[in-house]
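Here is the structure we will look at.
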Amino acid sequence: MSEVIQLRTCGMFLILLVLVYTLHLVRSNRLSAHLAISWIIAELVFLILILSDNVWAYAKSLVGESAVLYGALLLGTVWIVFLMLDSLTRISSLTVKLKEVNQELALALQRLDCLEEKDRKGLL
């Protein structure tokens, strides 16, 4: 039983550490709040799951004593993979948009240079 308490305490500490770091990234404007919200919600859900004895008792009744920790680890890992894929999808779409904006900017600068050149020559 003390082993389970140690695991829960370690898990709670790690999740709190990640939550504090996520909030620090948001506060320091290195991570956008609307992108971090899914991570913060996931961290809070994991924290609640670790702290809730009722959830653990229900999980033990469903899958057995030994499979609960492995199941929770698997569920957490799958959830984090989905969050990472969502973030990668957003990054990919923003990369495409940034490329298009850079191309439009280059064309606009080229047109501006042509107009300035014509203005210097007195053609306008």
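Here are a few things to note about the model shown:
Quick grid of which residues meet (1) in contact (Cβ under 8 Å) with a residue 24 or more places away in the chain; (2) surrounded by 11 or more Cβ atoms within 10 Å (Cβ to Cβ); (3) among the hydrophobic types (A, V, I, L, M, F, W, C):
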residue: Q6; (1), (2), (3): no, no, no
residue: T9; (1), (2), (3): no, yes, no
residue: I15; (1), (2), (3): yes, yes, yes
residue: V18; (1), (2), (3): yes, yes, yes
residue: V26; (1), (2), (3): no, yes, yes
residue: S38; (1), (2), (3): yes, yes, no
residue: I50; (1), (2), (3): yes, yes, yes
residue: D53; (1), (2), (3): no, no, no
residue: L62; (1), (2), (3): no, no, yes
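A quick yes/no check of all residues on (1) touching an Asp or Glu at 6+ places or on another chain (Cβ under 8 Å); (2) closer than 20 Å to V4 by Cβ; (3) modelled with pLDDT under 90; (4) not assigned by TED's automatic domain parsing to the domain that holds T9:
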| site | (1), (2), (3), (4) |
| --- | --- |
| W56 | no, yes, yes, yes |
| A72 | no, yes, yes, yes |
| I80 | no, no, yes, yes |
| V96 | no, no, no, yes |
| A108 | no, no, no, yes |
| D113 | no, no, no, yes |
| L124 | no, no, yes, yes |
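- Taking region 68-102 as the range and being surrounded by 11 or more Cβ atoms within 10 Å (Cβ to Cβ) and of a type in the set (S, T, Y) as the test, only S87 passes.
- Residue satisfying all of: in region 27-51; part of a loop (DSSP other than H, G, I, E, B), on the phi < 0 side of the Ramachandran plot and not basic (K, R); farthest from the chain's Cα centre (by Cα) among these: S28
The values are calculated or read from the model by the stated rules, or taken from the named source; none is laboratory data. Owing to the predicted nature of the structure, the values given are computational and were not obtained by experimental measurement. When we count neighbours, we look across all protein chains shown, and the Cβ atoms used for this are built from the backbone with ideal geometry, even at glycine.
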